[in-house]
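Remarks on the structure that follows.
The values are calculated or read from the model by the stated rules, or taken from the named source; none is laboratory data. Source: prediction; values computed, not measured. A quick note on method: Cβ atoms are made from the backbone with ideal geometry, for glycine too, and the neighbour counts reach across all protein chains shown.
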Amino acid sequence: MRAVTTEKTTHPVLIFWIVTGWVGFALLPWYGVEDFWFLDWLTEGWPTDSDYAPAAFLLGQGEKPWLWPLAPALLAPLALLRRRKTDPAYAYVLLAAGGFGFAWLIAQGLGIGIRGWTADWLSALFGPLEDRQYGMGYGALVVASALLFLFTQGIAARGAINGDVFVTGAIGGVIAVVTIFVFFPIAKMLGAAFITEEGGYSIPLFFAKFFDDHIWGLGCLSGTRCGVAWNSLFLAVLVGVLTTLLGLVFALVLTRSGFRFKRELRAITVLPIITPPFVIGLAIILLFGLSGAVTTWVADLIGVRPTRWVYGLPGILIAQLLAFTPIAFLVLIGVVEGVSPSMEEAAQTLRATRWQTFRTVSLPLMRPGLANAFLLGFIESMADFGNPLVLGGNYDVLSTEIFFAIVGAQYDQGRAAILSMVLLGFTLAAFYLQRFWLGKKSYTTVTGKGDSGVHPQMPRGLAIPVYTIAALWGGFTLIIYGMILYGSVVQLWGVDNTLTFKHYLTAFAVRIEDGGIRWIGSAWDSFWTTIMISTVAAPLTAAVGLITAYLLTRQDFAGKRSFEFGTMLSFAIPGTVIGVSYILAFNVPPIEITGTGLILVISFIFRNMPVGVRAGIASMSQLDRSLDESSLTLGANSWQTFRRVILPLLRPAILAALVYSFVRAMTAISAVIFLVSARYDMATSYIIGRVENNDYGLAIAYSTALIFVMLAAVGLLQLLVGRTQIGRRLAHEQGGS
Amino acid sequence: MAGASSKAASVVFDHVTKVYGKDVVAVNDVSLSIAPGKLVTLLGPSGCGKTTTLRMIAGLEMATRGCILIGDKDVTTLPATDRDVSMVFQSYALFPHMTVLENVSYGLKFSGFSKVETLERANAGLSLVGLDGYGGRLPSELSGGQQQRVAVARALVLEPQVLLFDEPLSNLDAKLRRHVREEIREIQQNLGLTVVYVTHDQEEALAVSDEIVVMKNAAIAQIGRPRELYDAPADTFVADFIGEANLVECQIAAVDGDMAEISVGGVRHRLPSRGLKPGKAMLALRPSRIRVTDGDGLAATVEKVTYVGPRMEYTFAGDFGQLFAVSDDVDAPLKVGDAIRIGLAASGPVLVPDA
């Protein structure tokens, strides 16, 4: 009964992309319109006004002649509609047309900019150009996708990946977007490090800037100040080690003790994840600052003048520990639970005591978790922007230096680029050290067979310190959050402690008039922007992440390792670096999107995609491969298999990816601070602005509101995605019993 | 389901090789031909390449070299989706988020049937495997045997040219295993399906197959009907793998036409020569073809005695080495240390080339 696709002469996918290509070429505005989300251009001179005209109309009016070569690239595939897939011409034409068209589109975009040719050698080669072009718009985007997917269909027709159109297309698509939105900006940023103020390239200047004493100085050994690079490194290592230890402590309490309030403990440890990053910093100022409650109390007690001791390393350290311990905890809880109980039971039956078991079996098996937790803490600390800004004092770190290099009076792109390179160098080095440390040993203990054992309890010698630390830290977290809540409802913290709702009113007042609601609070603008951007970014992030995870776990293709590296790269890149590189890469054609909401969405997608990928890989490797295979032998193609078998079984991973990317988009600051504009201000950058004006009450009130919004959103998502019907046990696990 | 037999197709492997990575040869230059409507078993120890062979028929693995034909059509480069083949997986691979009926209808949806016809065929498939009325359940609500039958029904309703089974019984308990294998054989014969069946259980293979392909080290060791393999193994590997033969060195004293005169430890025996020349050879002795009662024959001592219910199992030691034998006499068993002269059954022992 099965229609064999190789013999068909109709190709719905091919037709779809040819039609799409022509729509982009002949109907949609070729160049970028002011507002990506709105359709104002339809009434403002389209299709003949050259700002809004489609490529076909531009060419018809004799403008932008360099777009002509795209026409044959879109025409050629039409000749294939009646041919068979096995016909060699089919693959050849698609490869040629799609490959040439796509390459030409990129080449003309990079070669011709706002001032004509973008490089001197181009005008020397082709003569001066009177014309110019702006950033690409809908038309170019759609045509580019069409050409790309025509090209991948050509690859599929050549027999790659068993001729699978969906898989080749997905690989091509992911490679294209990762190249454009991860590699291209990074490359652009690295290039900026060599650019002199006059616009030329200079290597000596680069070295002069790179080895600047302000970056690498070792003054702190002799009493003065150290370079920012050492400051950042020292802080990050400290934070990495301490968050890992604290995370492990909480994970142990939850999995290996008789502690009764596990749910509550879990909630406390997760709370900081949905907290905007510098709120904790504020609470620390309120507690330990010059006029902070604890500082004044202790000062009174021992009779010294209160100091600004908390500004600098101690403050940043405490704030980052509070903020990043939960991340380490979430990584470690999975690993600590994942250590197969039967291995620990086996060790005990081999006469190991509880302590020996823990030291020789449990702990070594947790190594990947420990390494990952450290890496995350390290990178997060390196990239963290909010806390050093609020609490840094004289302790300069890379992320804030980068910020001031770009937005400050100095406006030195080259310096920002060099600092970013240093930062990137550290994180990539940590990434590789981690790989090296883990080596090739296999730590897989989940075999798919039912494991009915029970985790042993911690040995007593370990339990006492673990309990103590967990209790102290849990209590501290609670106090901090109490402070945050309290701080949002007092007049002026530390000075005037009368209760008031005025901060909430300033931020979120509404007035009902003329039958409508007027959002008169000062925070509403940034609030709605944040909600909108996060809502758009979350599903896209999850989609890109899960498709990538599917390719990585379920498909084999040449270059898979480097593909994986590319998709994980943006994870090792601190947000500050992403922010700087996006500004450098995307404020000029061919892609001109700085100051739009789009750039925020895109930066969120590629910042948070690796988490979607990891979540996807983790749950996909728990799905037996025979499920896909049986679907394939039953006649479904790989897209149908993905949609009907894999996706429904991936609901937990989808939920995790959605929640994470939504929350991150709401709380992110490090990349956002560079990318916001007057029109698209995000909640976090608005709050930072309030903090800089010492308007702490409003900042804290706003943050508190955000925390509750995120709680509600997480609950809502959980409801929407629903639970998978089957639970964890898969069908075949019951077979033998 | 009538008419399925008209779709059953032959499968031909023409010098097929499968190499993983650079130099891991999983299947080495295999040629075989499976006639339409036959049940052929791929049998061999783990790692012999039988599952890879099956997956190449399904299109889940692509041959590195060589040609694969299904029903005279070259399918070597066709992916699984485009081959008219369905497969029953070892793990059953039932989709846990779909009901039994949805599972069985899954393949029909992609085959261009109308909704009504899909439902009809799916229900017919379920009743064929005796699961009427189970359509609304989730796979997790079925027993292992029922899940297995759903997997069979899901593959059957597509009326494929070739139906593949990958160790379909390995997750069932011993009693159910016998029952289900008889069911599979019955359905296969009633519908006239071409079935390729992978197993490592020689008894299962002997019981269900029209023909058995014994594989060893990525190549075919022997192809033949069950009886042929059992009675005339091509080499010591096949002899040992099918029906655990005792392999004993012997001397061919004389060859007379088709028959040979051999001597084992002083005992003389006449049996088919199978083209062997006088000299040293190997004798394959099935455990049931050794006479355990005292009489003329080889001097041996009883080394081990095991009672397994319907029969006794003995290990004898002597000049010939060790022999494993079974006896139906459970009422008066031998004891460890007994001295006895055991003999060869008149028919059954077979000469194999010394590989």
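Anything in segment A:643-656 that is buried (at least 18 other Cβ atoms within 10 Å of the Cβ) and at the interface with chain B (Cβ under 8 Å from one of its Cβ atoms)? List them, or say none. Once the filter is applied, which keeps residues that are buried (at least 18 other Cβ atoms within 10 Å of the Cβ) and at the interface with chain B (Cβ under 8 Å from one of its Cβ atoms), segment A:643-656 yields A:Arg644, A:Val645, A:Leu649.
Please indicate, with yes or no, whether at least one residue in segment A:47-56 is crowded, with 16+ Cβ neighbours inside 10 Å and of a type in the set (D, E, K, R).
Yes - at least one qualifying residue is present in segment A:47-56.
Considering only residues in segment B:55-101 that are assigned to a helix (DSSP H, G or I) and within 11 Å of chain A (Cβ to nearest Cβ), the one that is farthest from B:Asn171 (Cα to Cα) turns out to be B:Asp82.
Do we find a residue being without any contact (Cβ under 8 Å) to a residue 12 or more places away in the chain and over 21 Å from A:Leu650 (Cβ atoms) anywhere in segment A:600-607? Please lay out each step first, then the result.
Narrowing segment A:600-607 to residues without any contact (Cβ under 8 Å) to a residue 12 or more places away in the chain: none.
No: zero hits.
The one condition from (1) modelled with pLDDT of 85 or more; (2) within 14 Å of chain B (Cβ to nearest Cβ) that A:Ala160 does not meet is (1). Within segment A:391-411, the set of residues being over 15 Å from A:Val580 (Cα atoms) and in contact (Cβ under 8 Å) with a residue 60 or more places away in the chain comprises A:Leu391, A:Gly392, A:Gly393, A:Asn394, A:Tyr395, A:Asp396, A:Val397. Taking segment A:559-642 and the helices (runs of 4 or more DSSP H) fully enclosed by it, the elements with 1 or more residues that are away from chain B (no Cβ under 14 Å), buried (at least 24 other Cβ atoms within 10 Å of the Cβ) and not polar (S, T, N, Q) are at A:575-586, A:597-620.
If you go through segment A:391-438 and keep only what is outside any helix (DSSP H, G or I), of a type in the set (A, V, I, L, M, F, W, C) and modelled with pLDDT of 85 or more, you end up with just A:Val397.
Listed here are the residues, each with its yes/no results for (1) surrounded by fewer than 16 Cβ atoms within 10 Å (Cβ to Cβ); (2) in contact with a Pro (Cβ under 8 Å, 6 or more places away or on another chain).
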position: B:Ala26; (1), (2): no, no
position: B:Ser31; (1), (2): yes, no
position: B:Gly47; (1), (2): yes, no
position: B:Met56; (1), (2): no, no
position: B:Gly71; (1), (2): no, yes
position: B:Gln90; (1), (2): no, yes
position: B:Leu94; (1), (2): no, yes
position: B:Leu128; (1), (2): no, no
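Looking at segment B:173-185, can you tell me whether even one residue there is touching a helix residue (DSSP H, G or I) at 6+ places or on another chain (Cβ under 9 Å), at the interface with chain A (Cβ under 10 Å from one of its Cβ atoms) and either surrounded by 22 or more Cβ atoms within 10 Å (Cβ to Cβ) or modelled with pLDDT under 90 (or both)? Checked against the condition, which is being touching a helix residue (DSSP H, G or I) at 6+ places or on another chain (Cβ under 9 Å), at the interface with chain A (Cβ under 10 Å from one of its Cβ atoms) and either surrounded by 22 or more Cβ atoms within 10 Å (Cβ to Cβ) or modelled with pLDDT under 90 (or both), segment B:173-185 yields at least one hit.
Residues that are at pLDDT 90 or above and either polar (S, T, N, Q) or within 21 Å of B:Phe165 (Cβ to Cβ) (or both): find the strands (runs of 3 or more DSSP E) completely inside segment B:200-303 holding 2 or more of those.
Answer list for segment B:200-303: B:211-216, B:219-224.
Could you go through segment A:670-681 and let me know if any residue there is more than 14 Å from every other protein chain (Cβ to nearest Cβ), among the polar types (S, T, N, Q) and in contact (Cβ under 8 Å) with a residue 60 or more places away in the chain. Yes, some residue in segment A:670-681 is more than 14 Å from every other protein chain (Cβ to nearest Cβ), among the polar types (S, T, N, Q) and in contact (Cβ under 8 Å) with a residue 60 or more places away in the chain.
Number of residues in segment A:511-546 that are of a type outside the set (A, V, I, L, M, F, W, C) and in a strand (DSSP E or B): the value is 4. Of the candidates A:Leu499, A:Leu492, the single residue that is loosely packed, with under 13 Cβ neighbours inside 10 Å, within 22 Å of A:Ile285 (Cα to Cα) and not charged (D, E, K, R) is A:Leu499. For segment B:112-126, check the following and say yes or no: at least one residue is crowded, with 21+ Cβ neighbours inside 10 Å, under 15 Å from A:Ala636 (Cβ atoms), modelled with pLDDT under 90 and within 11 Å of chain A (Cβ to nearest Cβ). No, that holds for no residue.
For B:Lys7, are the conditions met, namely being crowded, with 16+ Cβ neighbours inside 10 Å, within 11 Å of chain A (Cβ to nearest Cβ), among the basic types (Lys, Arg) and more than 30 Å from B:Val238 (Cβ to Cβ)? Spelling it out, B:Lys7 is indeed crowded, with 16+ Cβ neighbours inside 10 Å, within 11 Å of chain A (Cβ to nearest Cβ), among the basic types (Lys, Arg) and more than 30 Å from B:Val238 (Cβ to Cβ). Surrounded by fewer than 17 Cβ atoms within 10 Å (Cβ to Cβ) and within 29 Å of the chain's Cα centre (by Cα): does that describe A:Glu380? No, not satisfied. Scanning segment A:65-82 for residues that are buried (at least 16 other Cβ atoms within 10 Å of the Cβ), in contact (Cβ under 8 Å) with a residue 60 or more places away in the chain and either under 28 Å from B:Val75 (Cβ atoms) or in contact with a strand residue (DSSP E or B) (Cβ under 9 Å, 6 or more places away or on another chain) (or both) yields A:Pro77, A:Leu80. Every listed requirement among (1) in contact with a Leu (Cβ under 6 Å, 6 or more places away or on another chain); (2) closer than 30 Å to B:Val16 by Cβ; (3) at the interface with chain A (Cβ under 8 Å from one of its Cβ atoms) is met by B:Leu163 save one, (3).
Comparison of B:Tyr20, B:Tyr106 shows that the only residue that is surrounded by fewer than 20 Cβ atoms within 10 Å (Cβ to Cβ), assigned by TED's automatic domain parsing to the domain that holds B:Gln222 and free of Cβ contacts under 8 Å to residues at least 60 places away in the same chain is B:Tyr20.
Out of A:Ile578, A:Ile583, A:Ile617, A:Ile593, one residue alone is of a type in the set (A, V, I, L, M, F, W, C), in contact (Cβ under 8 Å) with a residue 40 or more places away in the chain and under 30 Å from B:Ala151 (Cα atoms). It is A:Ile617.
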